[in-house]
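Encoded as structure tokens, the structure appears first; notes follow it.
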Amino acid sequence: MTTTSAPHYDDFVNAARAQQRALVAVERAETHAVVRLDDPRSLNALSAPLTLQLHDVLRELVADPALRTIVLTGIDPAFSAGGDLTLMESYAHPVAEAADEGTPALWRWIRGEFGGIARLITRTDKTFVAAVNGAAAGVGLAFALASDVILVSDRARIVPAFGRIGLLPEVGNSWLLTRRLGYQGAYALFASGRHLSGAEALELGLANELVDHDELLDAARAWCARIDELPDHVARMMKPLLRASADLSWEQAITMEEFAEPGCFTTRAHREAVQQLLSS
């Protein structure tokens, strides 16, 4: 049997890290950061260099104690076209056919990088705001749907592109979409591959807000301001509470709330807010 030559996983990652061009732009403010995928010629497709840079940037930002909110968006005209087709052809296909590392090498990338970014978005206590400025496809769509607040512009497009290129939903998309659309709704979306406009995404509950394209980042920063107005412990604690409750029974959720709430009564922010309301 003829085998296909493919780079070892570590060599592949090291070569991607050697790419010098910055593909992710970061704008920091006092309590929030705006992260832009910056490869517009490829529609911000998740090439190996871009994915690694994005993962590194987000790890750095979530470790910054001064930040409370992270906005994720793309340089126009797209949010992200998802997985890079060139990467699939040049690395994924040869690896899948090779006799050496085989598909476990692909598993390492999908789990460690694509899945690693999705887990980082969902597991950090910081708020992620996805500002979907154009097409969001595949893994790029997964990153948007994993966020805590999802804003779409009137140029946004939700693109369930997996089936058309012979792949299945990945990076949490099957979980996210079945919970928002139901089984039949998610099945129909994936099977048809139909693109959804920003307005349709809002109507179906896939987005929190639809805004004019030129006002998208202003709307995202307004959400950052809303998070800043919350007491720090509320902003940090409500995210893990609400995310965990989505998978619990009612009895489990109320029990978790009963353990979490008493600690809030001990905070200065709570006591001062109560005194202010009583004196108003």
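Connecting C-alpha atoms closer than 10 Å in a GNM of the chain, tell me which of L54, L242, L217 has the biggest fluctuation. Top of the fluctuation ranking is L242. Given axes a ≥ b ≥ c from the Cα gyration tensor, I'd like to know whether the chain is rounded (a/c under 1.5), prolate (a/b larger than b/c) or oblate. Prolate.
Mean separation of Cα pairs under 8 Å and 6 or more residues apart, divided by the residue count, gives region 155-269 a relative contact order of 22 percent. Ranked by the mean number of other Cβ atoms within 10 Å per residue, highest first, peptides 113-121, 16-24, 197-205, 135-143 order as 135-143, 113-121, 197-205, 16-24. Here is how the number arises for the chain: DSSP H runs of 4 or more residues each give -39500 (n - 2.57), the sum is divided by the residue count, and the result at 222 nm is -15000 deg cm²/dmol.
For the ranges 146-159, 225-238, what's the packing order if you count other beta-carbon atoms within 10 Å of each residue, average per peptide, and put the highest first? If you can, show how the numbers build up before the last one.
On the way: 146-159: 23.1, 225-238: 14.6.
Sorting 146-159, 225-238 by mean packing, highest first, produces 146-159, 225-238.
For region 156-260, the gyration tensor built on C-alpha atoms gives an oblate shape. Its axis ratio a/c (a ≥ b ≥ c) is at least 1.5, and a/b is not larger than b/c.
Given +1 on the Cβ of Lys and Arg, -1 on the Cβ of Asp and Glu, and no further charges, what dipole in debye does the chain carry about its Cα centre, rounded to the nearest 20?
Once rounded to the nearest 20, the dipole reads 180 debye.
Pull out the extension gain between Q19 and A222, defined as 0.36 nm times the separation in residues minus the alpha carbon to alpha carbon distance; nm, one decimal.
Working: separation 203, 0.36 × 203 = 73.08 nm, distance 3.48 nm.
Result: 69.6 nm gained on full extension.
Entry note, the chain: relative contact order of 16 percent, from Cα contacts under 8 Å with a spacing of 6+ residues. A straight line joining the Cα centroids of region 40-77 and region 153-184 runs 20 Å. Among A260, L54, I150, whose Cα sits farthest toward the positive end of the charge dipole of the chain (+1 at Cβ of Lys/Arg, -1 at Cβ of Asp/Glu, about the Cα centre)? Of the options given, the answer is A260.
Readers should treat all values here as calculations from the given coordinates under stated rules, not as data from a laboratory. As the structure is a computational prediction, the values presented were derived from the model and not from experiment. Cβ sites come from the backbone with ideal geometry, for glycine too, and all protein chains shown count toward neighbours.
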